[in-house]
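Visitor: One structure, pasted below without further comment.
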Amino acid sequence: MSIWVYYEYNSFLNMGGNYRRNAYFLRHSTYKMIERNHVYNMDCRDGLREMSRGGVFVDAVITDPPYLINYFSHHRQDKTHKFCKPIENDDNPQIIIDTIPLIYDVMKPDTPIYMFCGSDKVDFFKSEIEKFFTVKNLIVWDKGNHTAGDLDAQYGKSYEFIIYANKGRAPFMPDARRFEDIWRIPRVSGKEQIHQNQKPQNLLRRIIIQHTKPHDLILDPFAGSMSTAVAAYNLQRDYIGFELSPEIYAEGAAWLEREKRQISIFDILSNQTKK
């Protein structure tokens, strides 16, 4: 969609007293309308601005941004593997500074945000979120498996943080369980991984069920493998996501499409059984 904005002003010319109308081109911008149940291969900052422009507002945010540690795997024999490449924007704190207020703008009142982060930069993430949101918990996610790190001078890290915050006050769903703030859920590993920091479906499903009902809209600005979209789809929630990397986007989109086809087959078989 193209928006043409003109600034018109009237000027009175002293030469002969002629009246002249002048139309001046002020701005031209082209943007796409952001729609439900789509993940877009684009910078989330641009996507969030388009959501605000189009009046698209969400019921919950679940996101796993770059941890700002310039992470890549050192421990694969195949050094050409995609996980041996640094994660895009993982050394760019400005993307977090820019994105958090844009997220706030597209959230409905009294809604939750869950943002994953590592222990290395948790103070930075928390301080940025607190500029706009009320932090309710620092949830400790016990992954059940530790990272390698400095084998001779550092203990293995077996947890990550999830910053749970509210825009206003976001109560749990009436039938939702009140969990403690340490969650023991195994991480995704091995061939199941599309992204090296992919979050498990059981973890994402827990968050979604806590705060949303079917057809509520869930946003993931850093969609990665599209695990949030997959969890949302399987729970009959709507979703919007953004992913910058074309390679990760393509793999995530393929996974999401497989999930949709699988559920469609189950629906067909179920309907045939009912007949």
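The values are calculated or read from the model by the stated rules, or taken from the named source; none is laboratory data. Predicted, not measured: the structure shown is a model, and the values here were computed from it. Heads up, the Cβs are rebuilt from the backbone with ideal geometry, glycines too, and the neighbour counts pull from every protein chain shown.
So that you can scan it fast, the table gives a plain yes or no per residue for (1) hydrophobic (A, V, I, L, M, F, W, C); (2) under 20 Å from Ile103 (Cα atoms):
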{"position": "Ile162", "(1), (2)": "yes, yes"}
{"position": "Val188", "(1), (2)": "yes, no"}
{"position": "Pro200", "(1), (2)": "no, no"}
{"position": "Met226", "(1), (2)": "yes, yes"}
{"position": "Tyr249", "(1), (2)": "no, no"}
{"position": "Arg258", "(1), (2)": "no, no"}
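Visitor: Could I ask something else about it? Restricting attention to the stretch 148-166, and to residues there that are surrounded by fewer than 16 Cβ atoms within 10 Å (Cβ to Cβ) and hydroxyl-bearing (Ser, Thr, Tyr), which single residue is farthest from Gln210 (Cα to Cα)? I'd like the intermediate steps shown before the answer.
Guide: First, pick out the residues of the stretch 148-166 that are surrounded by fewer than 16 Cβ atoms within 10 Å (Cβ to Cβ): 148-158.
Then keep just the ones that are hydroxyl-bearing (Ser, Thr, Tyr); that gives 155, 158.
Details: Tyr155: 33, Ser158: 24 Å.
If we take residues in the stretch 148-166 being surrounded by fewer than 16 Cβ atoms within 10 Å (Cβ to Cβ) and hydroxyl-bearing (Ser, Thr, Tyr), then Tyr155 is farthest from Gln210 (Cα to Cα).
Visitor: Check Arg178 against each of (1) within 21 Å of the chain's Cα centre (by Cα); (2) under 15 Å from Pro112 (Cβ atoms); (3) not hydrophobic (A, V, I, L, M, F, W, C) and name the one condition it does not meet.
Guide: Every condition holds for Arg178 apart from (1).
Visitor: Restricting attention to the stretch 167-183, report how many residues are in contact (Cβ under 8 Å) with a residue 40 or more places away in the chain, loosely packed, with under 14 Cβ neighbours inside 10 Å and touching a strand residue (DSSP E or B) at 6+ places or on another chain (Cβ under 9 Å).
Guide: Of the residues in the stretch 167-183, 4 are in contact (Cβ under 8 Å) with a residue 40 or more places away in the chain, loosely packed, with under 14 Cβ neighbours inside 10 Å and touching a strand residue (DSSP E or B) at 6+ places or on another chain (Cβ under 9 Å).
Visitor: Suppose we filter the stretch 224-244 for residues that are over 15 Å from Glu35 (Cβ atoms), in contact with a Ser or Thr (Cβ under 9 Å, 6 or more places away or on another chain) and in contact (Cβ under 8 Å) with a residue 40 or more places away in the chain; how many remain?
Guide: Total satisfying the criteria: 3.
Visitor: Next question. Which one of Lys82, Lys143, Lys121 is modelled with pLDDT under 95 and closer than 21 Å to Gln210 by Cα? First the steps, then the outcome.
Guide: Details: Lys82 fails: closer than 21 Å to Gln210 by Cα; Lys121 fails: closer than 21 Å to Gln210 by Cα.
Lys143 is the lone residue from the list that is modelled with pLDDT under 95 and closer than 21 Å to Gln210 by Cα.
Visitor: Let me ask something else. Scan Glu50, Glu8 and give me the residue that is more than 14 Å from the chain's Cα centre (by Cα) and modelled with pLDDT of 55 or more. Explain how you work it out, then say what you get.
Guide: Values: Glu8 fails: modelled with pLDDT of 55 or more.
After ruling out the rest, the residue left standing is Glu50.
Visitor: Could you please let me know if Glu247 is free of Cβ contacts under 8 Å to residues at least 40 places away in the same chain and either of a type in the set (S, T, N, Q) or farther than 25 Å from Gly54 by Cβ (or both)? Let's see the steps before the verdict.
Guide: Numbers: free of Cβ contacts under 8 Å to residues at least 40 places away in the same chain: no; either of a type in the set (S, T, N, Q) or farther than 25 Å from Gly54 by Cβ (or both): yes.
Judged against the criteria, Glu247 is not a match.
Visitor: On to the next question. What's the number of the only condition in (1) under 23 Å from Gln198 (Cβ atoms); (2) in contact with a helix residue (DSSP H, G or I) (Cβ under 8 Å, 6 or more places away or on another chain); (3) part of a loop (DSSP other than H, G, I, E, B) that His146 fails to meet?
Guide: (2)
Visitor: Also, I was wondering about something else. Working only within the stretch 93-108, note down all residues that are touching a residue at least 40 places away in the same chain (Cβ under 8 Å) and either on the phi > 0 side of the Ramachandran plot or not hydrophobic (A, V, I, L, M, F, W, C) (or both).
Guide: First, the residues of the stretch 93-108 that are touching a residue at least 40 places away in the same chain (Cβ under 8 Å): 95, 98-99, 102-108.
Listed by number, the residues that qualify are Asp98, Thr99, Tyr104, Asp105, Lys108.
Visitor: Still on this structure: Quick one: in the stretch 109-129, which of the residues that are at negative phi and assigned to a loop (DSSP other than H, G, I, E, B) is surrounded by the fewest Cβ atoms within 10 Å (Cβ to Cβ)? Full working, then the answer.
Guide: Step one: list which residues in the stretch 109-129 are at negative phi, which gives 109, 111-129.
Filter once more, so that each one left must be assigned to a loop (DSSP other than H, G, I, E, B): 109, 118.
Details: Pro109: 9, Gly118: 17.
By that ranking, first place goes to Pro109.
Visitor: A further question follows. Out of the stretch 53-75, which residues are over 16 Å from Met226 (Cα atoms) and modelled with pLDDT under 95?
Guide: Matches in the stretch 53-75: Tyr67, Leu68, Ile69, Asn70, Tyr71, Phe72, Ser73, His74, His75.
Visitor: While we're looking at this one, here's another question. Here are the criteria: (1) in contact with a Lys or Arg (Cβ under 7 Å, 6 or more places away or on another chain); (2) part of a helix (DSSP H, G or I). Tell me which single one Pro214 does not satisfy.
Guide: For Pro214, the failing item is (2).
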